[in-house]
Amino acid sequence: IDSHRGSVKDFVNFNAKQDAELLHKAMKGIGTDEGTILMLLTSRSNNQRQEIKAAYKKAHGKDLVSALKSELGGLFETLVVALMTPPISYDASQLHKALKGAGTDDDVLIEILASRTCAQIKDVVKVYKKECGGKLEKDITGDTSGHFQKLLVILLQGSRDEGVDEDRIENDAKELFAAGEGKVGTDVEKFINILGNRSHEHLRLVFDAYKKLAGSDIEDSIEGETTGNLENLMLAVVKCAKSVPAYFAESLNGSMRRAGTDDQTLMRIMVSRSETDMLDIRACFKKMYGASLYNTIQDDTAGDYGKALLYLCGGND
């Protein structure tokens, strides 16, 4: 992954043992020094946080995450635990949480499976089996149905074609047009197959060709022809093919600016993109909404939780 577009990078003069002691001191005695905890953890990369965890256990004979949990509470605790989790394990645990229990949190399935690279998805499947004690595909098929399920399962294979197939662009566009706008009722299978299996680069060219053919964007067709989860998943796949950072900028905007903040989504995106493409997400956000992501988070959150998110955002635009 091209990680230099992240807001959180490796801390330069890193010393795991020293950091472990700073955290130990922050939690010792009466009252907890949340300021130290949030500044330290948000300025270390995830790999470095794993080293701090190991150093802490070696020095104090107990698990750092459990220690942090016993000192903190609320949203700030949830955020800190997320920061301390390796990225692939974090994705796996979020999917597990979305699938187990009553009802399924389809938005989480959609976000993760539409936005992650093929390599990341393959890793998530492995880690899910190891850490969540089941097969991700089996859990997804047990909880979903119809075309929504089919497209999720295709995405779960993590085997999109690579590169651009010049000879297929025009044909794919025609097939999508014929499957949607061009007929009564939609041939959803065609949509699912093309959206789920072609590379992002290839899809972008197909969408351009589609627009010339149909006189409208592929999104308009999807919105007109499908509803519910399937519509949301197909739109997410299209948006991620066009621009993953723009997709996340839109999701972040949706998680704030309305009655009540969707903190789970806000947190999940800020944590999982902090070392990937947060700088690009910020640029897209500014361009799309005319406000900085930093100020929007500031207006929408409070306390140590809000401060930690601002550190993850990495700056004001």
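The values are calculated or read from the model by the stated rules, or taken from the named source; none is laboratory data. A quick note: this is a predicted structure, and the numbers were derived from the prediction, not measured. Backbone-built Cβ (ideal geometry, glycine too); neighbour counts: all protein chains shown. The area values use the complete protein model at the heavy-atom level, side chains included, leaving out ligands, DNA and RNA. Shrake-Rupley method; radii C 1.70, N 1.55, O 1.52, S 1.80 Å.
Below are the figures for this structure:
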quantity	calculated
Test: residue in segment 126-135 that is at pLDDT 95 or above and closer than 24 Å to LEU235 by Cβ	no
Verdict on ALA67 being part of a helix (DSSP H, G or I) and open to solvent by less than 30 Å² (accessible area, probe 1.4 Å)	yes
Test: GLU219 is at negative phi and surrounded by fewer than 18 Cβ atoms within 10 Å (Cβ to Cβ)	yes
Segment 222-237: number of residues that are open to solvent by 40 Å² or more (accessible area, probe 1.4 Å) and of a type in the set (Ser, Thr, Tyr)	1
Residues of segment 13-47 satisfying the condition of being under 26 Å from the mean Cα position of the chain (by Cα), open to solvent by less than 40 Å² (accessible area, probe 1.4 Å) and hydroxyl-bearing (Ser, Thr, Tyr)	THR42, SER45
Subset tally (residues that are at negative phi, of a type outside the set (S, T, N, Q) and out of contact with any helix residue (DSSP H, G or I) (no Cβ under 7 Å at 6 or more places or on another chain)) for segment 222-240	2
Any chance LEU95 is within 19 Å of the chain's Cα centre (by Cα), buried (at least 16 other Cβ atoms within 10 Å of the Cβ), closer than 18 Å to THR265 by Cβ and modelled with pLDDT of 95 or more	yes
Evaluation of LYS53 against (1) among the charged types (D, E, K, R); (2) in contact with a helix residue (DSSP H, G or I) (Cβ under 6 Å, 6 or more places away or on another chain); (3) open to solvent by 60 Å² or more (accessible area, probe 1.4 Å) (one fails), failing number	(3)
Subset tally (residues that are assigned to a helix (DSSP H, G or I) and more than 15 Å from GLN149 (Cβ to Cβ)) for segment 221-235	6
Residue in segment 190-209 that is farther than 26 Å from GLN157 by Cα and open to solvent by less than 40 Å² (accessible area, probe 1.4 Å) present	yes
Lone qualifier among MET256, MET288 - being farther than 24 Å from ASP33 by Cβ and in contact with an Asp or Glu (Cβ under 6 Å, 6 or more places away or on another chain)	MET256
